[in-house]
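The values are calculated or read from the model by the stated rules, or taken from the named source; none is laboratory data. Note that the coordinates shown come from a computational prediction; the quantities given were computed from them, not determined experimentally. Using ideal geometry, Cβ is built from the backbone for each residue, glycine included, and neighbour counts are taken over all protein chains shown.
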Amino acid sequence: MVIGEAMLDTYIRGTVERICRESPVPVVEVDERENVPGGAANTALNVRCLGGHVQFLSVIGSDPDGLALRRCLVQKGVRTEGMLVQKDRQTLAKKRVVADSQMIVRFDQGSVEPIDRKTEKSLIQKIESEYPLYHAVIISDYGYGIITPAVIDAVARLHVQDPKLLLVDAKDLNRYRGLRLTVVKPNFPEALTLLGLPKNTDAPSRIETIAERGHSILDITGAQIAAVTLDADGALIFERDRPVYRTFAKSGLFPKPVGAGDTFISAFALALTCNADTPTAAEIASAASSVVVEKTGTAPCYWAELKESFYGDDKVIHDAFYLAARVTAYRRNGKKIVFTNGCFDILHRGHISYLNLAKREGDILIVGLNSDKSVRSLKGSNRPVNSIDDRSQILAALSSVDHIVPFDAKTPIDLIRIIKPDVFVKGGDYTRETLPEADLVEELGGTVRILPYLEDRSTTGMIERINRIYEREHLDKNGS
């Protein structure tokens, strides 16, 4: 169930070939007018397009924009009987004029004062009747008068009686203290406000600013999880008694996202509802957001697009010429390239933490992946446990990894000659002196970084523990 401010996003698209005589402004020859759901309506649409059953509760006016919004949602399969009409209210709408892919102007209109008492009572009754039917509730509160204190109190009462996954995306999260929230999803400015910090848009410091203080968001809001979205910098995920987890936006994207946050919280909610752990849910939400920022305007992510994004075919590179071309293109755009390599046979928490740290050393993370033949020569005939295809696909699902390059040799010397990494990263069980690749990296102008592994996390150790458990169970079954 999604509760919040319904908006109509309108895109008026055309071309500009002349300047107006009346005033020095461009004349837009209109080719297309498109109406799409925005705001909380976009959140509901994303839930539906990602395969969830959704009920959308909101308030609109009895005006053409309200009718157009309802029509858009019905066409996409979103139930709209929960959209109440307040006759003296104007539907929230954002109308954008776009010429030759450049937005020229945006007109915002609609009522932003609190809904009247009669409508508020009807909305609460709707929430009370629908609440038992759904596994999760998303509140999408833009601060435009629909989520009143009485509506929040009603959700709080229901949540105490029948706890569910409760996720809130709100401009003012202070309003939701004490609701036993599952997830809060502030963006960077909202997180700064919540933490009482001055506005700071300096991109290099954004990660550090939030990473150092983000767990305080859990204390302030009482939520179990806080997902702070940072557009091109990905997202930071905070959870009680766990280290911060970071997702990364797709490389090369410099999005001016419209509705990417709506997509993120929709996908995050669905993943949690399906019992995904928090990092997995975050990766799914990040992937869904990456899908929509590549689209034009406000648009949802469809489950088939999300599934396709996890195949990772564009991440796995087999051709040396193509690899060289990609690296050249990245460097032309000023990207700092990080390279690491390994078997990554049974991916575990230590691997994921290591790859996240490696990504932070630059902009593009390329992983050299030992082929099955190479793993056998290094680890023995019983390895790898997982094939090169399986290992590639699992790595490709991580937002920290930009490309995976399989190789047959025992060392990635040939790959290093092609990539010429700015930073070569290896785990803490190595030293600069024990790395045969170190001299070449430095000759090519790069640096070598040794990063810590998590203690007691290794594939070999996991396999040994599995074997011990199997042997113990086998002995028990045979009565020995």
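Of the residues making up the stretch 54-71, those that are in contact (Cβ under 8 Å) with a residue 24 or more places away in the chain, closer than 10 Å to Leu8 by Cβ and surrounded by 20 or more Cβ atoms within 10 Å (Cβ to Cβ) number 4. Can you say whether Leu355 is closer than 22 Å to Ser289 by Cα, assigned to a helix (DSSP H, G or I), among the hydrophobic types (A, V, I, L, M, F, W, C) and modelled with pLDDT of 85 or more, as far as the supplied structure shows? Against the criterion (closer than 22 Å to Ser289 by Cα, assigned to a helix (DSSP H, G or I), among the hydrophobic types (A, V, I, L, M, F, W, C) and modelled with pLDDT of 85 or more), Leu355 qualifies. Within the stretch 115-130, residues that are touching a residue at least 24 places away in the same chain (Cβ under 8 Å) sit with their Cβ atoms under 6 Å from residues that are in a helix (DSSP H, G or I) and surrounded by 13 or more Cβ atoms within 10 Å (Cβ to Cβ), at 6+ positions apart or across chains, in these pairs: Glu120/Ala150; Ile124/Ala154; Ile127/Ala154. Only helices (runs of 4 or more DSSP H) whose full extent lies in the stretch 108-219 are considered here, and the ones with at least 3 residues that are modelled with pLDDT under 95 are 188-195, 203-213. For the stretch 254-273, indicate whether the set of residues that are under 30 Å from Gly368 (Cβ atoms), charged (D, E, K, R) and in the same structural domain as Arg48 (by TED's automatic domain parsing) is non-empty. No; the residues of the stretch 254-273 include none that is under 30 Å from Gly368 (Cβ atoms), charged (D, E, K, R) and in the same structural domain as Arg48 (by TED's automatic domain parsing).
Which of the numbered conditions does Asp319 fail, given that it passes all the others? Conditions: (1) within 22 Å of the chain's Cα centre (by Cα); (2) without any contact (Cβ under 8 Å) to a residue 60 or more places away in the chain. In the conditions (1) within 22 Å of the chain's Cα centre (by Cα); (2) without any contact (Cβ under 8 Å) to a residue 60 or more places away in the chain, Asp319 misses (1) alone. If you go through the stretch 273-286 and keep only what is surrounded by fewer than 24 Cβ atoms within 10 Å (Cβ to Cβ) and touching a helix residue (DSSP H, G or I) at 6+ places or on another chain (Cβ under 8 Å), you end up with Ala276, Thr278, Pro279, Thr280, Ala281.
With respect to being modelled with pLDDT of 90 or more and of a type outside the set (A, V, I, L, M), Lys379 falls outside the description. The condition of being at pLDDT 90 or above and crowded, with 21+ Cβ neighbours inside 10 Å holds for only one of Ile388, Ile413, Ile364, that being Ile364.
Cβ-Cβ contacts under 7 Å between residues 6 or more apart (or on different chains), taken from a first residue in the stretch 243-262 that is farther than 21 Å from Ala40 by Cβ and assigned to a strand (DSSP E or B) to a second residue that is of a type in the set (D, E, K, R) and at pLDDT 90 or above, are listed as Thr247/Glu283. Of the residues making up the stretch 365-423, those that are of a type in the set (Val, Ile, Thr) and in a strand (DSSP E or B) are Ile366, Val367, Ile404, Val405, Val423. All of (1) at negative phi; (2) buried (at least 18 other Cβ atoms within 10 Å of the Cβ) hold for Ser129 with one exception: (2).
Once the stretch 291-339 is narrowed to residues that are closer than 30 Å to Gln75 by Cβ and hydroxyl-bearing (Ser, Thr, Tyr), the residue that is modelled with the lowest pLDDT is Tyr311. In the set (1) under 22 Å from Leu435 (Cβ atoms); (2) in contact with a helix residue (DSSP H, G or I) (Cβ under 6 Å, 6 or more places away or on another chain); (3) surrounded by 14 or more Cβ atoms within 10 Å (Cβ to Cβ); (4) not hydroxyl-bearing (Ser, Thr, Tyr), the condition left unmet by Asn356 is number (2).
Just one residue in the set Ala170, Ala150 is within 22 Å of Thr278 (Cβ to Cβ), assigned by TED's automatic domain parsing to the domain that holds Met83 and touching an Asp or Glu at 6+ places or on another chain (Cβ under 7 Å); that residue is Ala170.
When the stretch 367-385 is limited to residues that are of a type in the set (S, T, N, Q) and surrounded by fewer than 20 Cβ atoms within 10 Å (Cβ to Cβ), the one that is nearest to Ala320 (Cα to Cα) turns out to be Ser371.
A count restricted to the stretch 318-345 and to residues that are in a loop (DSSP other than H, G, I, E, B) and surrounded by 18 or more Cβ atoms within 10 Å (Cβ to Cβ) stands at 3.
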